[in-house]
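Q: Just passing along the structure, written as structure tokens.
Rule-based calculations on the coordinates, nothing more; no lab input. Predicted model, so just to flag it, every value in this text is computed and none were measured. Because the Cβ atoms are built from the backbone with ideal geometry, glycine has one as well, and the counts that use them run over all protein chains shown.
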Amino acid sequence: MMSAIFSFRARSLPLVVCIGILVTYGLQPVAWSQTLAMPTGDPILVIEGEIENTNVDGEAHFDREMLEALGTVEIVTNTPWYTGAATFEGVPLARLMEHVGATGTEIEAIALNDYRTTIPISDFAEFGAILAMKRDGADMPIRDKGPLFIIYPYDSNPDLSAQKYYSRSVWQLSRIKVM
């Protein structure tokens, strides 16, 4: 019996060492490709390009409910577009990129009016940018920069209160291309 326990432990040692290395160095496991759930409502966002997880012809289509299911956070910040601080609620963009298995280094954000800008994906984790769906507790309608608006926590870092980041804050966002 003792030899059976020792034999099991000896064979398990490489696995334990590998797990220890992953934990020690903070390495993340490789994301596995998966099929995303299908939207049940009208899609409000399409993500294409260098992504692993899709649901419609190699793209990731999301309705509001699917985005909200990823978990939302709030940012209270001043912006050039509203008087006084506003509370924005939405999905952390880093989480959204992880969910679709983004493998690129930047995105092209495209608005309903075809405004386009390029944003480094590193911005999302570094600054905590979100895909806002609500402002001051209410869904954002198209006529008021909705339904989706890329928001940075401008008040959290003086560097963010600059045209460089304001131009990355796409409102009426409808499509993201991961590159």
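Q: Are there any pairs, at least 6 apart or on different chains, whose C-beta atoms fall under 6 Å, with the first in the range 35-51 and closer than 23 Å to Gly146 by Cα and the second of a type in the set (Gly, Ala, Ser) and assigned to a strand (DSSP E or B), and if so, which?
A: The qualifying pairs are Ile47/Ala60.
Q: Strands (runs of 3 or more DSSP E) wholly in the range 74-179 with at least 1 residues that are surrounded by 13 or more Cβ atoms within 10 Å (Cβ to Cβ) and not β-branched (Val, Ile, Thr) - which ones?
A: By residue number, 86-92, 106-111, 130-135, 149-151, 173-178.
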